[in-house]
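Asker: Structure below; questions to follow.
What follows draws every value from the coordinates through simple rules; no lab data is involved. Bear in mind the structure is a predicted one, so any value in this text is a computation, not a measurement. FYI the Cβ positions are ideal-geometry reconstructions off the backbone, even for glycines, and counts take in every protein chain you see.
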């Protein structure tokens, strides 16, 4: 079901650029159209930046998907940062604990077909997104 | 200090320097001619390198390559490595220059020690450590040269990619290209604000055709730039928002409360209208000098 994986470290803001480039390359490989490519690249950009800024760095794992002829791309962002105490609040538009617009997390959910978030205070955060063709 | 009893390396180097050099050069040459570097140049480097190595070993033995006696050799190594990196050699190719000296040295050590395996092993080990250290140093210098090249290119890109262009009296354009979420944004914003003052501009067009991804951070930077420009008395128009970017921004929930146009030419037309000017067609198209057709 799942084929080639690749793992990218997220330690600096240059790494976010690399995540975007890799996601775009994989999205093209998975046959996603221009709009879907842009959506998942943008979602990945938001989540990679969250991983860096709020999770104190972490990694992104990319995975090509294949399911009954459908193709897609799944990305898992994982950090060992402070975690999210209230996920519902974090997903609400306009809520931020930093200096951003507070749209990244909720926006990323709206840009993907699958969105899953696991987090607990002190234990880090894992967010999984997927976009299918 | 427990120093090993008399290494035969110094005496070998003194007695057979020329043979070692010619064997080394033969090995370097066996890799075939290389049009990136002339044979004469390569031989000059090899002989200079060996000479400095012999002098250093004579002065302080093989162990202390960080010491002052090895200074001339280290400098030469850095120079050679730098020129190799510039000439387009790979790190392996660059390091092989040094590593290929091992065989001629081992060969001579074997002849000198004969059946004394213990002495031979000790000297081979000493030479191995020395040559490995020099080879690694070569790699490091190569790497450093490449990093310098990259840093210089980054600086060039940062300067190149933030031009503010005057389109008309009072109208500026800022074509943005590439990634916007780094320290570049600050440079971009400052450039634009300074140009607004300098050109007494009323309208600034920010064109984002060349920005591959517009996420919330990029949007936030754009909005801040627009707000700052407004405080300077200039209105902004954002152009070049491609259809896929527009859709993505809607899903993200970003509201750009800014006048925007699909492309730079529409934005320019709007800007001209704003300052009370228009582009009109003259009665007959004037042929442009040097082109075959009229329009």
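Asker: For the protein assembly as shown, what is the convex hull volume of the alpha-carbon atoms per residue, in Å³?
Answerer: Normalising the Cα hull of the protein assembly as shown by residue number yields 280 Å³.
Asker: Still on this model: Taking only Cα atoms, what is the 0 to 90° angle, nearest 10, from helix A:13-29's long axis to the longest principal axis of chain A?
Answerer: 30
Asker: Still on this model: What is the range B:180-278 by shape, rounded, prolate or oblate, if you read a ≥ b ≥ c off the alpha carbon gyration tensor as root eigenvalues and call it rounded for a/c under 1.5, prolate for a/b larger than b/c, and oblate otherwise?
Answerer: In terms of gyration-tensor shape, oblate.
Asker: Another question, if that's okay. Could you tell me what a quarter of the Cα convex hull surface of the range B:25-128 works out to, in nm² with one decimal place?
Answerer: 7.0
Asker: Separate question: Taking 0.36 nm per residue of separation and subtracting the Cα-Cα distance, what length does fully extending residue B:209 through residue B:29 add?
Answerer: Answer, rounded to one decimal: 59.6 nm.
Asker: Please average, across the residues of A:37-46, the number of beta carbons from any other chain that are within 10 Å of each residue's own beta carbon, and give a whole number.
Answerer: Working: counts 2, 12, 5, 1, 5, 11, 4, 2, 9, 5.
Per residue, the number of nearby Cβ atoms from other chains is 6 on average.
Asker: Using a 10 Å cut-off on Cβ to Cβ distances, tally the other chain neighbours for every residue of B:243-251 and report the average as a whole number.
Answerer: 6
Asker: Could you check which residue among A:81, A:69, A:122 shows the biggest mean-square fluctuation in a GNM of chain A with a 10 Å Cα cutoff?
Answerer: Per the Cα network of chain A with a 10 Å cutoff, A:69 tops the list.
Asker: Be a star and scan the range A:103-121 for residues whose amide nitrogen sits under 15 Å from the point 7 Å along the Cα-to-Cβ vector of residue A:88.
Answerer: The answer is none, because no backbone nitrogen lies closer than 15 Å to the label point.
Asker: Another question, then. Give the Debye-formula value of log10 I(q)/I(0) at each listed q (0.13, 0.15, 0.22 Å⁻¹), with one equal scatterer per alpha carbon of chain A, two decimals each.
Answerer: For chain A at q = 0.13, 0.15, 0.22 Å⁻¹, log10 I(q)/I(0) is -0.49, -0.65, -1.34.
Asker: Moving to a separate point now. When the convex hull of the Cα atoms of the range B:117-231 is projected onto a plane and the area is averaged over all directions, what value comes out in nm²?
Answerer: The orientation-averaged projected area of the Cα hull of the range B:117-231 comes to 10.6 nm².
Asker: Say each of residue B:157 and residue B:115 gets a label point 7 Å from the Cα, pointing the same way as Cα to Cβ; how far apart are those two points in nm?
Answerer: Computed distance between label sites residue B:157 and residue B:115 equals 6.5 nm.
Asker: Among B:214, B:149, B:124, which comes first, then next, by fewest other beta-carbon atoms within 10 Å?
Answerer: Details: B:214 25, B:149 12, B:124 17.
Final ranking by Cβ density, sparse to dense: B:149, B:124, B:214.
Asker: Run lengths n ≥ 4 of DSSP H only: what is the helix-derived mean residue ellipticity at 222 nm for the protein assembly as shown, with -39500 (n - 2.57) per run over all residues, to the nearest 500? List each step's numbers first, then the result.
Answerer: Working: 14 runs with 229 residues, N = 428.
After summing the helix terms and dividing by residue count, I get -18000 deg cm²/dmol.
Asker: Could you tell me what percent of the DSSP beta bridges with both partners in chain B are antiparallel, to the nearest 5?
Answerer: On the way: 3 of 17 bridges.
Here the antiparallel bridges make up roughly 20 percent for chain B.
Asker: What angle, in degrees between 0 and 90 and rounded to the nearest 10, separates the Cα long axis of helix A:34-53 from the longest principal axis of the Cα atoms of chain A?
Answerer: Tilt of helix A:34-53: around 30 degrees.
Asker: Something else about it: Give the average, rounded to an integer, of partner chain Cβ atoms located within 10 angstrom of each Cβ in B:49-62.
Answerer: The per-residue average across the peptide is 0.
Asker: Mind giving me the nanometre distance, one decimal, between the label points for residue B:59 and residue B:235, set 7 Å out from Cα along Cα→Cβ?
Answerer: 7.4
Asker: For chain B, find the longest principal axis of its Cα atoms and tell me its angle to the long axis of helix B:264-274, 0 to 90°, nearest 10.
Answerer: Relative to chain B, helix B:264-274 is tipped by roughly 40 degrees.
Asker: I'd like the Kirkwood hydrodynamic radius of chain B, using the inverse of the mean 1/r over distinct C-alpha pairs, in Å. Walk me through the numbers on the way to the answer.
Answerer: Details: mean 1/r = 0.0400 Å⁻¹.
Every distinct Cα pair counted, the radius reaches 25.0 Å.
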